[in-house]
1. Those residues that are buried (at least 16 other Cβ atoms within 10 Å of the Cβ) and at positive phi, I need them from the stretch 11-52; list them, please.
2. May I ask you to list the residues in the stretch 62-87 that are more than 18 Å from ASP30 (Cα to Cα) and either assigned to a loop (DSSP other than H, G, I, E, B) or under 19 Å from the mean Cα position of the chain (by Cα) (or both)?
3. In the stretch 34-93, how many residues are of a type in the set (Val, Ile, Thr) and under 17 Å from ILE20 (Cβ atoms)?
4. Name the single residue, out of those in the stretch 1-55 being in a loop (DSSP other than H, G, I, E, B) and among the basic types (Lys, Arg), that is nearest to PHE91 (Cα to Cα).
5. I'm told VAL3 meets every condition in (1) crowded, with 16+ Cβ neighbours inside 10 Å; (2) touching an Asp or Glu at 6+ places or on another chain (Cβ under 6 Å); (3) of a type in the set (Val, Ile, Thr) except one. Can you identify the failing condition by its number?
Amino acid sequence: MDVRDIIIKPLLSEKSYEGIPTKKYTFKVDKRSTKTQIKCAIEEIFEVKVQYVHTVNCSGKKKRMGKTSGYTPDFKKAIVQLSDASKPIEFFESLS
């Protein structure tokens, strides 16, 4: 699996904004990826040093459209903490 396939997109919510000053970032990642693969992908893409990675499997929400109902897709979320010596990720610096 290529490193660009592991990281899908950054997740930007009120809770994830609180972690930006402490170098804690949230990403939507591939469901099959492991913590080690996520760590290597973040280090290679953004050229930073990762201290640890926490992952969460999120279930899809139930949605309704008229009579029919269904679920949104499940996804995996990764919370990445950078080391103190590492530089912050430039993409998130404009948001804080």
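Just so you know, all these numbers are worked out from the coordinates, no wet-lab data involved. Only a predicted model underlies this, so the values are computations on that prediction, with no experimental measurement involved. Cβ coordinates were reconstructed from backbone atoms using ideal geometry, including for glycine residues, and neighbour counts include every protein chain displayed.
1. LYS23 - this is the single residue of the stretch 11-52 that is buried (at least 16 other Cβ atoms within 10 Å of the Cβ) and at positive phi.
2. GLY66, LYS67, GLN81, LEU82, SER83, ASP84, ALA85, SER86, LYS87, listed by residue number.
3. Selection size over the stretch 34-93: 7.
4. Per the criteria, the residue is LYS23.
5. (1)
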